[in-house]
Amino acid sequence: METVVLCSVFGMVGVCALLFGCYRRAREGEALVLVRGGEPTRVCFGGTWVWPGLERVEVLDLSVRKVVVERRGQQGLSCRDGIRVDLRATFLVKVPRDEAGVLRVAREVGCARANQPGEVHALLEERFASALAQSVGTFNFDELVADRGLFIDHVGIEVGTELLGFQLERMSLGRLEQTPLDQLDPTNVLDAQGIQKLAERASQLAADSVGPWSDLEAAVPPREGGEEELMHEEELMREVERALADPTRRN
């Protein structure tokens with residue numbers, strides 16, 4: 001009798017252990033993808049029974065991934081006016097917490113691959129780089145640096161929603177500056193256009209800066225002779241210093 005009771009107890013314990021081992025619960029920020037031959041794939045965000053030999057379960061990480069795109073030097077992106085820019089953009093993406101999004105990522109990417117940040121970066125970098133290039137090309141350089149927010153919005157539109165099931169949460173823009181001249185190729189049509197544009201800007205800035213100096217030189221009558229010439233130069237420098245210290249004369 002005692003033997004029968006003990007066997008029953010051990011049998012119940014074994015069944016409970018088996019059932020306990022078949023129960024899987026998704027942790028916070030995870031989804032369970034259950035695949036059973038001949039039946040639709042299921043998604044579970046809580047707990048569920050998984051029957052060995054009949055079902056296979058995979059875990060999909062729903063946390064945010066970071067994709068960084070940087071273009072510098074000869075890989076810099078060309079604005080509409082031909083001026084090339086260096087930039088560094090960070091894109092934050094994640095799998096949406098809904099059945100359709102999870103199923104799409106599991107089907108098109110695979111849970112194991114989607115759980116690796118490096119794989120996600122490799123999958124999406126080119127898409128984001130293309131959106132950045134398209135957006136930069138619609139702005140002049142001055143427009144680009146004047147309103148980063150507008151540029152970010154434009155990139156978001158270019159990125160769209162076709163991200164293999166991933167969802168763009170946010171984009172931030174770090175580096176955004178003119179590519180150094182020594183990195184430009186004069187034989188490249190766009191670079192040549194950019195170099196010409198920069199030369200025009202430099203000439204205009206130089207002309208603007210010459211104005212106050214020319215006015216000061218005209219205000220001081222010319223003198224001749226070595227000692228008088230030295231006095232003239234000293235007086236001119238004092239005038240320059242006074243002009244730089246007076247905002248009304250610099251405008």
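In table form, for the structure just shown:
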item: Test: residue in the stretch 83-103 that is in contact (Cβ under 8 Å) with a residue 24 or more places away in the chain and out of contact with any strand residue (DSSP E or B) (no Cβ under 9 Å at 6 or more places or on another chain); result: no
item: Inter-residue pairs, beta-carbon under 7 Å, first closer than 23 Å to Gln167 by Cβ and in the stretch 53-81, second part of a loop (DSSP other than H, G, I, E, B) and open to solvent by 60 Å² or more (accessible area, probe 1.4 Å), 6+ apart; result: Leu62/Arg97
item: Residue list for the stretch 131-165, filter: of a type outside the set (A, V, I, L, M) and open to solvent by 50 Å² or more (accessible area, probe 1.4 Å); result: Gln134, Thr138, Asp142, Glu143, Asp147, Arg148, Asp153, His154, Glu158, Thr161, Glu162
item: Enumeration of residues in the stretch 44-70 that are farther than 20 Å from Gln116 by Cα and among the aliphatic types (A, V, I, L, M); result: Val50, Leu54
item: Boolean, Glu119 is in contact with a helix residue (DSSP H, G or I) (Cβ under 7 Å, 6 or more places away or on another chain) and among the acidic types (Asp, Glu); result: yes
item: Single match in Glu126, Glu99 (criterion: open to solvent by 80 Å² or more (accessible area, probe 1.4 Å) and closer than 18 Å to Leu62 by Cα); result: Glu99
item: Residue within the stretch 161-172 that is free of Cβ contacts under 8 Å to residues at least 40 places away in the same chain and of a type in the set (A, V, I, L, M, F, W, C) present; result: no
item: Hey, Val59 touching a Phe, Trp or Tyr at 6+ places or on another chain (Cβ under 9 Å), modelled with pLDDT of 90 or more and not in a loop (DSSP other than H, G, I, E, B) or not; result: no
item: Top-ranked residue in the stretch 177-194 [being out of contact with any Gly (no Cβ under 6 Å at 6 or more places or on another chain) and in a helix (DSSP H, G or I); ranked as farthest from Asn140 (Cα to Cα)]; result: Asp182
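Residue by residue, here is whether (1) open to solvent by less than 80 Å² (accessible area, probe 1.4 Å); (2) assigned to a helix (DSSP H, G or I); (3) modelled with pLDDT of 90 or more holds:
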| site | (1), (2), (3) |
| --- | --- |
| Leu18 | no, yes, no |
| Val33 | yes, no, yes |
| Gly38 | no, no, no |
| Arg104 | yes, yes, yes |
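The values are calculated or read from the model by the stated rules, or taken from the named source; none is laboratory data. Predicted model only: the values in this text are computed from it and were never measured. Every residue, glycine as well, gets a Cβ built from its backbone with ideal geometry; the counts of neighbours run over all protein chains shown. Surface areas here come from the heavy atoms of the whole protein model, side chains and all, with no ligands, DNA or RNA. Shrake-Rupley method; radii C 1.70, N 1.55, O 1.52, S 1.80 Å.
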